[in-house]
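Read through the structure below, which is laid out as structure tokens, and then see the notes.
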Amino acid sequence: MDDVDLVFRALADPTRRALLDELFARDGQTLVSLTARHDMTRIAVAKHLKILEDAGLIVSRRRGREKLHYLNPVPIRLVHDRWVSKYTEQWAAGLAGLKHELEDQMEKVFEIYIRTTPERLWEAITDPVIRTKYQFGASIESDWSAGSPYRLGHPAAERPLVEGENLVVERPNRLVQTMRALWGPDAERAGTSRVTWEIEPVGDSCRLTVVHDQLPPDAPAELYGGWPMILSGLKTWLETGETLTTPGSLMYQ
């Protein structure tokens, strides 16, 4: 059973779809909180969560004694790119916005498996030319030392789209950066957030986890909603050498 089959199998069950809806409404929930919303035992809910996690649709992370579950929309994005986008208008994906408010700072977790090496994946994240292949044509500039600044820019933009500082640089496994979006007034008002790239070798592939946290509760979806497109494009380019055409990739053309 390949990755796409696992996704379709996981989505086929209404209870699992309901669990995804719960995480879409409030990300980062425990098994206890998810069980409280369903007339099921913890064991039954845990089995459904395991199927969703095996399909990559959720990601679990430990925080102290708690195990938190996060929605991971990247596999759904990959299904969209393969099965949906070619049958719909090119801009249709851009019409579906993600909005979500929490009492505390938001944390978004995205996970994807890419058939490549950690060194090659690190290069794709930090090389300015390769970055343009999957991040909307934008390139990145930095000397990639801890404490150094970085800028993400596009030739068609009058100023940098993103700027920040490299907090942790552990090549080729971990990169932690502050992020200040400058591409629009709403994004700029959100202030500074944090992005962590974690690369873990798994067989002949790598598991890439991107954690975007320290987001204000009213952060606009444009700050984090583009990650599924970016990671889908990164996977496609590294595995096939081809680029994905997405609404975001046409933004500055």
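The values are calculated or read from the model by the stated rules, or taken from the named source; none is laboratory data. Keep in mind that what you see is a predicted model, and the values were worked out from it rather than measured. As a convention, Cβ positions derive from the backbone with ideal geometry for all residues, glycine included, and neighbour counts pool all protein chains shown. Note: accessible area is taken over every heavy atom of the protein model, side chains too, but ligands, DNA and RNA are not part of it. Shrake-Rupley method; radii C 1.70, N 1.55, O 1.52, S 1.80 Å.
Can we say Trp183 is of a type outside the set (S, T, N, Q), on the phi > 0 side of the Ramachandran plot and surrounded by 14 or more Cβ atoms within 10 Å (Cβ to Cβ)? Judged against the criteria, Trp183 is not a match. Annotation: of all residues in the stretch 132-145 being surrounded by 21 or more Cβ atoms within 10 Å (Cβ to Cβ) and closer than 12 Å to Gly233 by Cα, the one that is farthest from the chain's Cα centre (by Cα) is Phe136.
Are any of the residues in the stretch 72-83 modelled with pLDDT under 80, open to solvent by less than 50 Å² (accessible area, probe 1.4 Å) and among the β-branched types (Val, Ile, Thr)? Within the stretch 72-83, one or more residues are modelled with pLDDT under 80, open to solvent by less than 50 Å² (accessible area, probe 1.4 Å) and among the β-branched types (Val, Ile, Thr). On the basis of being closer than 23 Å to Leu231 by Cα, open to solvent by 30 Å² or more (accessible area, probe 1.4 Å), modelled with pLDDT under 90 and not acidic (Asp, Glu), does Ala55 make the cut? No; evaluated as a whole, the condition is false for this residue. Output yes when any residue across the stretch 107-127 is exposed (fewer than 14 other Cβ atoms within 10 Å of the Cβ), assigned to a helix (DSSP H, G or I) and among the acidic types (Asp, Glu), and no when none is. Yes, that holds for at least one residue.
Selection over the stretch 206-253 of residues that are part of a helix (DSSP H, G or I), modelled with pLDDT of 85 or more and within 18 Å of Lys133 (Cα to Cα) gives a count of 14.
For the stretch 6-61, the set of residues classified as part of a loop (DSSP other than H, G, I, E, B), more than 24 Å from Gln214 (Cβ to Cβ) and not basic (Lys, Arg) consists of Ala12, Asp13, His38, Asp39, Met40, Thr41, Ala55, Gly56, Leu57, listed by residue number.
Quick check, is Gln177 farther than 21 Å from Ala124 by Cα and assigned to a strand (DSSP E or B)? When the stated conditions are applied, Gln177 does not pass them.
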